[in-house]
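Asker: Input: one structure, supplied below.
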Amino acid sequence: MSLRVGVTGNIGSGKSSVARLLQQRGAGLIDADALAREATEDAAVLAAIARDLGPELVRDGRLDRAATARRVFDDAVARGRLNAIVHPWVRRASARRAAALEAAEPAPAVIVFDIPLLYENGLEGGMDAVVVVEATLETRLARVCARSGLDAAEVRARDAAQLPLPDKVARADFVVDNSGSPEALRDRVDALWRTLLERAAKV
């Protein structure tokens with residue numbers, strides 16, 4: 001069996017960068033965000049979104065992502081409805097991909113699950129270990145504002161909608177500091193990878 005490792009962190013922390021670096025070192029990778037995008041290309045999922053959240057969110061057979069984000073961001077009930085549609089699809093797809101990776105010859109020693117809301121959705125129980133990627137709030141704000149066009153207040157609001165990063169750090173098996181340079185991050189991931197391989201050998 002492969003070692004199942006959840007990688008998470010708050011907005012702008014660089015969790016996906018860490019997940020990709022682990023993939024480059026030989027881990028299998030399952031990206032929850034990518035699966036969620038695939039889910040919203042499924043006709044049954046789109047039909048459920050149109051039914052439960054409004055037909056204006058689906059245009060010409062495609063999800064209007066910007067309109068959907070506006071609809072659910074400040075509305076916990078709407079967000080819950082969207083999650084109830086998308087999350088089961090993502091969990092099923094994730095399970096299928098993990099099974100396929102473990103059935104491969106050779107199977108990867110480590111499978112990384114890149115999951116933004118791992119703790120928020122209670123998914124840590126399905127992992128052998130959890131890695132939390134941290135960075136200072138100022139660093140995270142600068143990164144997200146530079147890449148997304150959001151302003152600092154919008155990023156702060158999105159960060160506040162997640163479990164506080166210090167709480168995630170306190171619950172993590174491993175913490176990766178990503179406040180520095182890309183070179184420093186690669187060095188930290190190298191050290192993490194060696195530790196994960198040692199743990200995987202005991203699974």
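The values are calculated or read from the model by the stated rules, or taken from the named source; none is laboratory data. These numbers were taken from a predicted model, which means no experiment stands behind them. FYI the Cβ positions are ideal-geometry reconstructions off the backbone, even for glycines, and counts take in every protein chain you see.
Asker: In region 160-176, which residues are out of contact with any Phe, Trp or Tyr (no Cβ under 8 Å at 6 or more places or on another chain) and closer than 18 Å to V112 by Cβ?
Answerer: Result: A172, D173, F174, V175, V176.
Asker: Something else now. Has region 170-177 got any residue that is part of a helix (DSSP H, G or I) and either surrounded by 15 or more Cβ atoms within 10 Å (Cβ to Cβ) or at pLDDT 95 or above (or both)? Explain how you work it out, then say what you get.
Answerer: So the first thing to find is which residues in region 170-177 are part of a helix (DSSP H, G or I), and the list is 170-171.
Pick out the ones that are also either surrounded by 15 or more Cβ atoms within 10 Å (Cβ to Cβ) or at pLDDT 95 or above (or both) and you get 170-171.
For region 170-177, residues part of a helix (DSSP H, G or I) and either surrounded by 15 or more Cβ atoms within 10 Å (Cβ to Cβ) or at pLDDT 95 or above (or both): present.
Asker: Now for a separate question. Examine region 194-202 for a residue that is more than 27 Å from R70 (Cα to Cα), loosely packed, with under 15 Cβ neighbours inside 10 Å, among the hydroxyl-bearing types (S, T, Y) and modelled with pLDDT of 95 or more, and state whether such a residue exists.
Answerer: Step one: filter region 194-202 for residues more than 27 Å from R70 (Cα to Cα), giving 194-202.
Filter once more, so that each one left must be loosely packed, with under 15 Cβ neighbours inside 10 Å: 194-195, 198, 201-202.
Imposing the further condition that a residue be among the hydroxyl-bearing types (S, T, Y) reduces the set to 195.
Okay, now just the ones that are also modelled with pLDDT of 95 or more, so 195.
The answer is yes; a qualifying residue exists.
Asker: Moving to a separate point now. Which of the residues belonging to region 165-181 are free of Cβ contacts under 8 Å to residues at least 60 places away in the same chain and of a type outside the set (S, T, N, Q)? Walk me through it before giving the result.
Answerer: Filtering region 165-181 down to residues free of Cβ contacts under 8 Å to residues at least 60 places away in the same chain leaves 166-167, 169-175, 177, 179-181.
If the condition is that a residue be free of Cβ contacts under 8 Å to residues at least 60 places away in the same chain and of a type outside the set (S, T, N, Q), then P166, D167, V169, A170, R171, A172, D173, F174, V175, D177, G180 are the ones that fit.
Asker: Related question: Quick one: in region 58-103, of everything that is closer than 29 Å to G125 by Cβ and among the charged types (D, E, K, R), which residue is nearest to the chain's Cα centre (by Cα)?
Answerer: R91
Asker: Could you please find all residues in region 118-141 being touching a residue at least 40 places away in the same chain (Cβ under 8 Å) and surrounded by fewer than 17 Cβ atoms within 10 Å (Cβ to Cβ)?
Answerer: Our first condition is that a residue be touching a residue at least 40 places away in the same chain (Cβ under 8 Å); within region 118-141, this holds for 118-120, 123-124, 126-136, 139-141.
E120, G126, T136, T139, listed by residue number.
Asker: Return the only residue of A32, A47, A69 being loosely packed, with under 14 Cβ neighbours inside 10 Å and at pLDDT 95 or above.
Answerer: On the way: A32 fails: loosely packed, with under 14 Cβ neighbours inside 10 Å; A69 fails: at pLDDT 95 or above.
Only one candidate qualifies: A47.
Asker: Could I ask something else about it? If you scan region 113-128, which residues turn out to be hydrophobic (A, V, I, L, M, F, W, C) and either in a helix (DSSP H, G or I) or over 18 Å from A200 (Cβ atoms) (or both)?
Answerer: Of region 113-128, the ones hydrophobic (A, V, I, L, M, F, W, C) are 113, 115, 117-118, 123, 127.
Within region 113-128, I115, L117, L118, L123 qualify.
Asker: Right, something else. Restricting to region 1-23, and then to whatever is out of contact with any Gly (no Cβ under 7 Å at 6 or more places or on another chain) and part of a helix (DSSP H, G or I), can you tell me which residue is nearest to E198 (Cα to Cα)?
Answerer: The extreme case among them is L22.
Rundown of residues vs (1) closer than 11 Å to S13 by Cα; (2) under 19 Å from the mean Cα position of the chain (by Cα); (3) part of a loop (DSSP other than H, G, I, E, B), yes/no style:
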site	(1), (2), (3)
V144	yes, yes, no
L150	no, no, yes
E154	no, no, no
L163	no, yes, yes
D167	no, yes, no
D187	no, no, no
L197	no, no, no
